[in-house]
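> Following this message is one structure expressed as structure tokens.
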Amino acid sequence: MRATRAIEAHGGEWQAVALPTNSAYLSPARLPGLFRGLAALLRARREGLDLVWLQFSNLADLTYLAWAKLLGLPVLVTPHLGANSRLQRSPLLRRVSASLLTLADRLALLFEGQEDEILLPRRVPRSVIRTFLPEASLTAAPADRSSRPLQLVHASRLSEGKGSFRMLDLCTEMQRRDIDFTARIIGRAEPDILARIRRQIASAGLETRVSLEDWMTEEALLTALGEADILVHLSTLDSFPLIVLEAMAMGTMPVVLDMAGVRAMVTSYDGLVVPAGDAVAQAVDRVATLSPAEMRARGALMAGRVRTDHAWAAVVARLVPTFDETAGVRAALKA
């Protein structure tokens with residue numbers, strides 16, 4: 001876990017241990033895993049745990065919040081969900097999760113404005129932190145792109161919601177406008193989705209421009225990002241996708257739908273934000289106004305800023321005061 005390694009390296013007196021919640025896709029068959037996680041938290045409490053930093057992405061995660069509070073532990077919660085998550089689309093689940101979050105001692109938000117996207121309790125203090133990117137994305141040298149045509153990349157779990165077919169629509173429109181480019185689609189999907197992607201590539205005559213590739217190791221994916229000029233991530237599902245920050249760190253300009261998390265990334269660094277209703281046409285319009293040289297120059301500047309802000313030491317330096325303040329709740333209770 002990157003956060004654990006970074007805190008161990010740069011956290012001073014703070015040490016970290018990762019405890020899996022085993023809460024994803026919870027079902028009766030998976031309940032023993034959840035109970036093992038709760039038992040692990042109890043053991044950590046007995047061994048002197050000072051603070052729980054809970055990564056919250058589903059309702060079952062909040063079981064750990066309630067359990068930690070019963071154990072007398074301060075809890076810092078980071079929400080990893082956006083407006084399109086099931087917890088936010090359902091009025092009942094939205095109210096339940098917000099009510100449970102009142103148990104938290106502090107919220108550690110991923111970006112400015114996250115509280116405007118999802119329902120959070122007003123009275124709980126909050127801080128804005130940054131996320132940990134792969135170390136290689138902060139140090140690897142992007143490839144020399146100067147002698148090649150514009151290269152696009154789309155990397156995700158391939159689906160409609162992730163924007164995979166908008167990527168193909170964008171490639172089709174760029175070809176129609178005689179914009180010179182190549183593109184890579186990287187990811188896995190159900191067989192019917194892969195078959196549909198292949199049919200659309202063939203029907204649009206994109207076989208010589210677009211390659212469909214299996215998911216890659218972290219190292220290989222970063223290499224692919226570093227070779228591309230544009231990351232096309234027209235997803236309606238991901239508010240704060242790490243792939244966008246990873247691409248930025250490699251100097252790759254993102255094209256994203258207008259959602260709160262990615263808008264915050266682009267506002268802080270660079271990139272192209274397009275509305276959902278006319279995403280493909282507007283994205284191609286915006287790309288067509290930039291020369292490859294200008295895009296690559298902006299990408300290099302963007303990468304420098306992202307790497308500075310997301311250096312592990314810098315991210316931990318923002319976290320430590322938040323840890324200190326949240327853990328101070330327990331110290332005050334002890335006193």
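> Cβ-Cβ below 9 Å, separation at least six or inter-chain, first residue in the range 227-251 and over 15 Å from Leu138 (Cα atoms), second among the acidic types (Asp, Glu) and part of a loop (DSSP other than H, G, I, E, B): which pairs?
These pairs meet every condition: Thr236/Glu160.
> Here's another thing I want to ask about it. So Leu158 fits all but one of (1) modelled with pLDDT of 95 or more; (2) closer than 28 Å to Ala264 by Cβ; (3) assigned to a loop (DSSP other than H, G, I, E, B); (4) open to solvent by 10 Å² or more (accessible area, probe 1.4 Å); what number is the exception?
All conditions are met except number (4).
> Among the residues in the range 52-66, are any in a helix (DSSP H, G or I), within 23 Å of Arg89 (Cβ to Cβ) and of a type in the set (S, T, N, Q)?
Yes, some residue in the range 52-66 is in a helix (DSSP H, G or I), within 23 Å of Arg89 (Cβ to Cβ) and of a type in the set (S, T, N, Q).
> Quick check: anything in the range 4-14 basic (Lys, Arg), closer than 25 Å to Arg318 by Cα, in contact with a Phe, Trp or Tyr (Cβ under 9 Å, 6 or more places away or on another chain) and open to solvent by 30 Å² or more (accessible area, probe 1.4 Å)?
yes
> If you don't mind, there's one more thing I want to ask. Return the residue satisfying two criteria in turn: it lies in the range 161-173 and is open to solvent by 40 Å² or more (accessible area, probe 1.4 Å) and within 22 Å of Glu246 (Cα to Cα), and of such residues it is farthest from the chain's Cα centre (by Cα).
For the range 161-173, the residue satisfying everything is Arg166.
> Please specify each residue of the range 19-39 satisfying the condition of being touching a Leu at 6+ places or on another chain (Cβ under 9 Å) and either surrounded by fewer than 17 Cβ atoms within 10 Å (Cβ to Cβ) or part of a loop (DSSP other than H, G, I, E, B) (or both). Even if it seems obvious, please write down each step before you answer.
The initial filter retains those residues of the range 19-39 that are touching a Leu at 6+ places or on another chain (Cβ under 9 Å), namely 19, 21-23, 26, 33-34, 37.
Residues satisfying the conditions are Leu19, Thr21, Asn22, Ser23, Leu26, Gly33.
Each row is one residue, and each column tells you yes or no for (1) open to solvent by less than 50 Å² (accessible area, probe 1.4 Å); (2) touching a residue at least 40 places away in the same chain (Cβ under 8 Å); (3) among the β-branched types (Val, Ile, Thr).
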| position | (1), (2), (3) |
| --- | --- |
| Pro254 | yes, no, no |
| Val273 | yes, no, yes |
| Asp285 | no, no, no |
| Ala288 | no, yes, no |
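The values are calculated or read from the model by the stated rules, or taken from the named source; none is laboratory data. On a predicted model such as this, the values are computed, not experimentally measured, just so you know. For neighbour counting, all protein chains shown are included, and Cβ atoms are generated from backbone atoms with ideal geometry for every residue, glycine included. Side chains are part of the model used for accessible areas, which takes the heavy atoms of the whole protein and leaves out ligands, DNA and RNA. Shrake-Rupley method; radii C 1.70, N 1.55, O 1.52, S 1.80 Å.
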